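Following: one structure in structure tokens, then a few remarks.
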């Protein structure tokens, strides 16, 4: 059993926040194991009546079915996390900026129609202050996860008192962004092809790229899409991989804001192969080579 206090388990808080910011149209369900402080994901809802498995089905399906049974039998141990989608934080971020001149510039950038998110990011980048946004996002995600833990009654009295006392401001002020072990995936990669669009289309406005940073942040751009990545390392078939959620904008779409999820894996030849998905929209595979 994991006895680490919830508020000190930074990696778990990140996972909870990511689950809360995700809505899965495929019917997957996400659960918190409160005994082991671990996130479990099922490809189905265990409360539904699943089809019978045969001996010829893969081992992972049998293991998943056994986990689903444990979840049903351990209602006090497992808590379901219902994703509600990526929260809109741009206005809250601008409100949090203390420098009056910068705050007014950001408000001005956000009010000129489509592309508000990209323009605000650009204004910060030109001043060398883009980390302000990343710090705000990390702190807001932490508070999102803690709020959910409070609503589930999982924080102790002392933890509730400590986390309600300026946690977000302190985290943002100190620039706390936990390091991630992304190893050989770190760097800038040029996207060479995408399943849904031609090479000419993906480079139409600027070179299509994905950038993965050691701190677990990153960015992606192709066609008129630009987005920030929240990356988490892993493995696929024994190879280094990374999964991410992303939030940004699509200037080719009237809705402007865009978000989704994706992943990539390092292939034996040193290139990347992966997939990027739009929230409730298209998914496209892609290939990339190091810049």
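The values are calculated or read from the model by the stated rules, or taken from the named source; none is laboratory data. Predicted model, so just to flag it, every value in this text is computed and none were measured. Heads up, the Cβs are rebuilt from the backbone with ideal geometry, glycines too, and the neighbour counts pull from every protein chain shown.
Quick notes on this one:
- Scanning the range 73-88 for any residue that is at pLDDT 80 or above and part of a helix (DSSP H, G or I) turns up at least one such residue.
- Within the range 273-291, tally of residues that are outside any strand (DSSP E or B) and touching a residue at least 40 places away in the same chain (Cβ under 8 Å): 4
- The set of residues in the range 89-120 being assigned to a helix (DSSP H, G or I) and touching a strand residue (DSSP E or B) at 6+ places or on another chain (Cβ under 7 Å) consists of 117, 118.
- Taking the listed residues 211, 215, the one that is in the same structural domain as residue 270 (by TED's automatic domain parsing) and assigned to a strand (DSSP E or B) is 211, with no other qualifying.
- Residue 160 vs. criteria at pLDDT below 90, surrounded by 13 or more Cβ atoms within 10 Å (Cβ to Cβ) and either assigned by TED's automatic domain parsing to the domain that holds residue 265 or closer than 29 Å to residue 11 by Cβ (or both): yes
- Count of residues meeting criterion [under 25 Å from residue 53 (Cβ atoms) and in contact (Cβ under 8 Å) with a residue 24 or more places away in the chain] in the range 65-100: 7
- Residue count for the range 121-148 satisfying the condition of being in a helix (DSSP H, G or I), more than 17 Å from residue 229 (Cβ to Cβ) and without any contact (Cβ under 8 Å) to a residue 24 or more places away in the chain: 4.
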